[in-house]
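S.K.: Supplied in structure tokens, the structure appears directly below.
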Amino acid sequence: MKKIFLYILAAGCLAGFNSCKKFLDVTASNQIKSEDLLSNESGFKDALMGVYIGMGQYNNYGAMQSYIATDILAQQYKPLVNLSIYFQLQAYNYQHQAGRRYTDMFWDLYKTIAGINNALTQIDKQQSVFNPINFKIIKGELLALRAYLHFDLLRLYGHENYQGRPELASFPAIPYITVYNKGVTPQKTYAETFDLLLKDVQDAVVLLHEDPVYPNASRPANYYTNVNIDGFYNNRNSRMNYYAAKALEARVYTWMGGTANLQKAAQAAREVIDNGMAKLINSSNSGSMDRSFAAEHIFHLEVYSLAIWAGALKSGSAADYNALFVDETAFNTIYELNDPQVGAVDKRQIMQFVQDGNGRTPVKLAAAPGQTANKFLPVMRVSEMYYIEAEYELINNRVKAIQLLNEVRRSRGILKDIPESATVDQVKLELTKEYQKDFSAEGQLFFYYKRNGFDTFRGLPSTIKGDDKLYMLPYPQNELELGNRVQ
């Protein structure tokens with residue numbers, strides 16, 4: 001585990017923090033004395049930033065778990081030929097060596113969790129070295145990040161359609177690791193795992209009431225002057241801020257499903273919509289060059305190699321077997337280009353794709369011509385909160401659900417509203433369309449299909465059924481053998 005923590009701290013070094021020299025203070029066995037590093041505020045700050053950098057690595061959210069592998073699983077791109085390095089993954093051949101190359105890498109998120117757990121193990125012991133404001137915010141971020149990463153591991157390696165299969169509550173879920181040691185953490189049931197998830201999220205929410213973005217009129221004007229003298233709390237949407245924790249709470253409750261949980265999800269989503277920094281794009285907060293709709297980012301990662309890594313998204317020549325792009329016919333269908341009041345005016349298809357070579361290339365993550373290279377990778381956006389609230393409102397207020405979806409559609413430039421006479425099934429179809437349109441190159445569409453147990457979806461070959469075999473990534477083989485895991 002200490003070697004794993006070294007990986008996280010080394011990532012922090014890449015950011016150029018002042019105390020990186022401490023990362024080289026190793027023992028005779030080449031292991032960091034983490035208790036020495038985590039002996040003051042600056043050490044905890046470095047460890048926290050190392051977590052974000054670890055999350056932004058290529059094998060994690062920096063590429064594979066967003067616009068490459070996870071979107072390939074959602075059939076976001078044109079079918080690949082068997083010479084492509086992604087062919088086996090797109091065909092869901094998870095046991096093939098080429099498929100396992102990608103499915104196993106997501107397990108690396110546990111390396112980042114190890115760094116979080118080490119910091120959390122030390123932070124309460126070291127509370128006396130903190131300014132109280134820093135203690136609450138840093139601990140709150142760490143707890144929320146631990147929940148965020150475990151939840152995505154659950155969404156990747158867990159069963160599909162949890163909300164529709166009550167028997168799964170007693171099944172073993174992914175290991176939820178809250179300690180920092182060499183032992184093997186036993187799997188708990190899904191019900192127990194969701195309890196752990198929600199405890200981390202809700203504990204984080206309480207601590208993050210100290211977040212500068214959380215409204216508190218009783219704070220004096222100079223409340224953050226000393227703790228933010230180095231700008232550590234600037235650009236809060238680049239970190240797990242209070243509203244990102246609430247958005248995560250909304251995601252978790254939505255995954256759990258059932259009317260009571262969907263109501264809690266909608267309440268959390270509404271708080272983000274009403275009070276959060278992120279707002280739907282409009283003429284005043286989004287320029288013509290803002291391809292990723294940055295005003296909507298509840299939480300994004302700063303990935304400095306994003307422009308290079310996102311080069312996989314290109315149509316290129318017919319001989320470029322690994323190029324990832326959207327087939328022209330599929331693109332026209334998804335964005336409804338046959339309707340001049342819907343697809344033709346939708347900012348998503350106008351700004352976030354270019355037509356070149358063999359089809360449409362997603363450029364949401366690329367800088368517009370003449371602009372500085374983009375480094376912001378959105379992992380939570382406010383439009384999702386509208387969709388989550390709409391999903392709950394479909395249960396008891398269909399018209400309100402329609403209004404919520406229309407609010408997002410209008411912000412994208414769509415002129416034709418979903419009529420208030422639309423049936424529940426018609427609204428569900430429109431909601432699915434919104435997920436397909438809004439989350440290109442973000443990796444969220446696969447989770448939407450999985451959560452709802454879609455047995456088929458756009459682009460899925462008719463010979464393949466959407467079930468656990470498709471939606472559950474297999475545990476790494478050594479985890480099954482040495483960790484005695486059950487999946």
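The values are calculated or read from the model by the stated rules, or taken from the named source; none is laboratory data. All values derive from a computational prediction rather than experimental measurement. Please note: Cβ atoms are built from the backbone with ideal geometry, for glycine as well, and neighbour counts cover all protein chains shown. Calculation scope for accessible area: heavy atoms of the full protein, side chains included, ligands and nucleic acids excluded. Shrake-Rupley method; radii C 1.70, N 1.55, O 1.52, S 1.80 Å.
S.K.: Which one of these is over 22 Å from PRO474 (Cα atoms), open to solvent by less than 40 Å² (accessible area, probe 1.4 Å) and not in a loop (DSSP other than H, G, I, E, B): ALA114, ALA169, ALA98, ALA144?
M.R.: Testing whether each residue is over 22 Å from PRO474 (Cα atoms), open to solvent by less than 40 Å² (accessible area, probe 1.4 Å) and not in a loop (DSSP other than H, G, I, E, B) leaves just ALA144.
S.K.: Among the helices (runs of 4 or more DSSP H) confined wholly to the range 384-487, which include 3 or more residues that are farther than 26 Å from ALA278 by Cβ, open to solvent by less than 10 Å² (accessible area, probe 1.4 Å) and not hydrophobic (A, V, I, L, M, F, W, C)?
M.R.: No helices (runs of 4 or more DSSP H) qualify here.
S.K.: Given the options GLU389, GLU479, name the one that is at pLDDT below 95 and of a type in the set (D, E, K, R).
M.R.: The match here is GLU479.
S.K.: LEU89 passes all but one of (1) assigned to a loop (DSSP other than H, G, I, E, B); (2) open to solvent by less than 10 Å² (accessible area, probe 1.4 Å); (3) free of Cβ contacts under 8 Å to residues at least 40 places away in the same chain; which number fails?
M.R.: That leaves (1) as the condition not met.
S.K.: Of all residues in the range 172-185 being in contact (Cβ under 8 Å) with a residue 12 or more places away in the chain and more than 20 Å from the chain's Cα centre (by Cα), which is most open to solvent (accessible area, probe 1.4 Å)?
M.R.: My answer is LYS182.
S.K.: Give me the pairs, please: first residue somewhere in the range 186-205 and within 14 Å of HIS150 (Cα to Cα), second residue anywhere and at pLDDT below 95, beta-carbon distance under 7 Å, and either six or more positions apart or on two chains.
M.R.: GLN187/ARG485; GLN187/VAL486
S.K.: Could you grab me the full set of residues in the range 190-245 that are outside any helix (DSSP H, G or I), among the β-branched types (Val, Ile, Thr) and touching a Lys or Arg at 6+ places or on another chain (Cβ under 9 Å)?
M.R.: VAL213
S.K.: Could I ask something else about it? Could you tell me which numbered condition SER66 fails, if it satisfies all but one of (1) closer than 22 Å to LEU154 by Cα; (2) open to solvent by 60 Å² or more (accessible area, probe 1.4 Å); (3) among the polar types (S, T, N, Q)?
M.R.: Here SER66 meets the rest and fails (2).
S.K.: Return the only residue of GLU160, GLU167 being touching a residue at least 24 places away in the same chain (Cβ under 8 Å), closer than 18 Å to ASP468 by Cβ and of a type in the set (Asp, Glu).
M.R.: GLU160
S.K.: For the range 302-350, how many residues meet the condition of being over 21 Å from ALA373 (Cβ atoms), outside any helix (DSSP H, G or I) and charged (D, E, K, R)?
M.R.: 5
S.K.: Output the number of residues of the range 190-218 satisfying the condition of being more than 23 Å from the chain's Cα centre (by Cα) and surrounded by 13 or more Cβ atoms within 10 Å (Cβ to Cβ).
M.R.: 1
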